[in-house]
1. Pick out the one residue from GLN104, GLN181 that is within 17 Å of ALA74 (Cα to Cα), surrounded by fewer than 23 Cβ atoms within 10 Å (Cβ to Cβ), at pLDDT 95 or above and among the polar types (S, T, N, Q).
2. Please enumerate the residues belonging to region 132-170 that are surrounded by fewer than 15 Cβ atoms within 10 Å (Cβ to Cβ) and within 15 Å of the chain's Cα centre (by Cα).
3. Hey, among VAL191, VAL179, which residue is closer than 16 Å to ASP67 by Cβ, part of a strand (DSSP E or B) and either free of Cβ contacts under 8 Å to residues at least 40 places away in the same chain or touching a helix residue (DSSP H, G or I) at 6+ places or on another chain (Cβ under 6 Å) (or both)?
4. Please specify each residue of region 112-125 satisfying the condition of being more than 11 Å from the chain's Cα centre (by Cα) and either in a helix (DSSP H, G or I) or without any contact (Cβ under 8 Å) to a residue 40 or more places away in the chain (or both).
Amino acid sequence: MTRSRAILAATSIAAAAVLLVAGCDDDPPATPSAEPTATDVSPSASPSPSSSAVVVAPERPQEMDDDGPAGAEAAAVYFLELDDYMMRTGETDPFRTMSAKDCQFCVKRVDQAQEIQDLKYTWEGTQTRPQVTHTYEQDDATGIWPIDVEVTQKIKIVDAEGESVSAGDPKKLGLAFEVGQKDGNWVIVEVGQVDNG
């Protein structure tokens, strides 16, 4: 069974909104927007030191060396770990390297990470280790592996004074990944919401 790319494209904006603004208040100046500010992903933002905690980049799992479903699953999980790392540090290069050029979810996440850095905010949110819940058959025409992943995320962004500008209760998210390969490397083609209906 395969999922339609059109369904994932249509739901990617909704998933990005859930990830980006879950629990945000309505005060536009204080909260990073969910909308991208540019059409292209710009070079990596310079990380700004914001908290005394050392943030360690996630290690690329060996399973990503597999060019089958195990590699695709590992790539989806690793991508979400890179997302958390990017939000905490402002270092966008590892995330961008795994993002397909046309991935709208990816562009929005990079834009938000850069906005957090530009505003001198700090991402203090948490997330559970992502869990693959379903891997579908590879699409013969595109080579894409549709994969459903579940993660629980708690949004918390603070300003330079440590005041919360965005916070929310933990939310369990079902994400629908499209994972492919380009030049022998795993890339995230798009991310949307899992259709439970």
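The values are calculated or read from the model by the stated rules, or taken from the named source; none is laboratory data. Values in this document were obtained by computation on a predicted structure and should not be read as measured data. Methodologically, a virtual Cβ is constructed for each residue, glycine included, from the backbone with ideal geometry; neighbour enumeration extends over all protein chains shown.
1. That would be GLN181, the only listed residue that is within 17 Å of ALA74 (Cα to Cα), surrounded by fewer than 23 Cβ atoms within 10 Å (Cβ to Cβ), at pLDDT 95 or above and among the polar types (S, T, N, Q).
2. Passing the criteria: only THR152.
3. Step by step, each of VAL191, VAL179 is checked, and only VAL179 is closer than 16 Å to ASP67 by Cβ, part of a strand (DSSP E or B) and either free of Cβ contacts under 8 Å to residues at least 40 places away in the same chain or touching a helix residue (DSSP H, G or I) at 6+ places or on another chain (Cβ under 6 Å) (or both).
4. Across region 112-125, the qualifying residues are GLN114, GLU115, ILE116, GLN117, ASP118, TRP123.
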